[in-house]
1. For the condition under 30 Å from residue 20 (Cβ atoms), out of contact with any His (no Cβ under 6 Å at 6 or more places or on another chain) and surrounded by fewer than 11 Cβ atoms within 10 Å (Cβ to Cβ), what is the one hit in 39, 53?
2. Quick one: residue 62 ticks every box in (1) touching a strand residue (DSSP E or B) at 6+ places or on another chain (Cβ under 8 Å); (2) surrounded by 10 or more Cβ atoms within 10 Å (Cβ to Cβ); (3) not aliphatic (A, V, I, L, M) except a single one, so which number is it?
3. Pairs needed: first member in region 8-30, closer than 22 Å to residue 57 by Cβ; second member anywhere, surrounded by 10 or more Cβ atoms within 10 Å (Cβ to Cβ) and among the hydroxyl-bearing types (Ser, Thr, Tyr); C-beta distance under 6 Å; at least 6 residues apart or different chains.
4. Please work out which one of (1) modelled with pLDDT of 90 or more; (2) under 17 Å from the mean Cα position of the chain (by Cα) is the condition residue 53 fails and give its number.
5. Just to check your reading of the model, which residue among 45, 35 is within 30 Å of residue 7 (Cα to Cα) and in the same structural domain as residue 14 (by TED's automatic domain parsing)?
6. Looking only at region 70-83, which residues are loosely packed, with under 10 Cβ neighbours inside 10 Å and either of a type in the set (Asp, Glu) or assigned to a helix (DSSP H, G or I) (or both)?
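The values are calculated or read from the model by the stated rules, or taken from the named source; none is laboratory data. Bear in mind the structure is a predicted one, so any value in this text is a computation, not a measurement. Positions of Cβ are generated from backbone atoms using ideal geometry, with glycine treated the same way; all protein chains shown enter the neighbour counts.
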Amino acid sequence: MDAGAMSMSGLSAGASMSPQAGRACALDIVGSVIDGKLTLVVTYDQQEYRESTMQALLANYKKQLLSIVNHCMQQTETELTPSDVGIEPMSLDIFEQLLTRLNDL
């Protein structure tokens with residue numbers, strides 16, 4: 001990302017907290033997209049989870065995410081979702097009811 005005289009560093013900023021600090025949660029996943037590339041940083045309580053468990057979790061996450069991307073790339077028509085049309089949260093059921101009413105007009 002380029003912001004004139006400033007730009008993002010490709011170097012890691014390191015841990016934001018000491019590994020000895022108390023954890024707010026046993027599993028923390030932070031994602032960001034920079035220059036079209038998704039990056040996930042996963043930290044976890046090593047007393048609660050094994051590394052092999054986290055590796056399996058991330059492998060499955062990647063598999064599912066790629067499946068979603070593949071599904072979306074195969075679509076030939078645009079499809080609205082509740083987040084596309086309003087500020088207020090709306091369930092998918094209510095959204096579909098509204099779409100049906102609009103199509104019936």
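1. That would be 39, the only listed residue that is under 30 Å from residue 20 (Cβ atoms), out of contact with any His (no Cβ under 6 Å at 6 or more places or on another chain) and surrounded by fewer than 11 Cβ atoms within 10 Å (Cβ to Cβ).
2. (1)
3. 27/44; 28/43
4. (2) is the only condition that residue 53 fails.
5. Details: 45 fails: within 30 Å of residue 7 (Cα to Cα).
Criteria check complete, one pass: 35.
6. Hits for region 70-83 are 70, 71, 72, 73, 77, 79.
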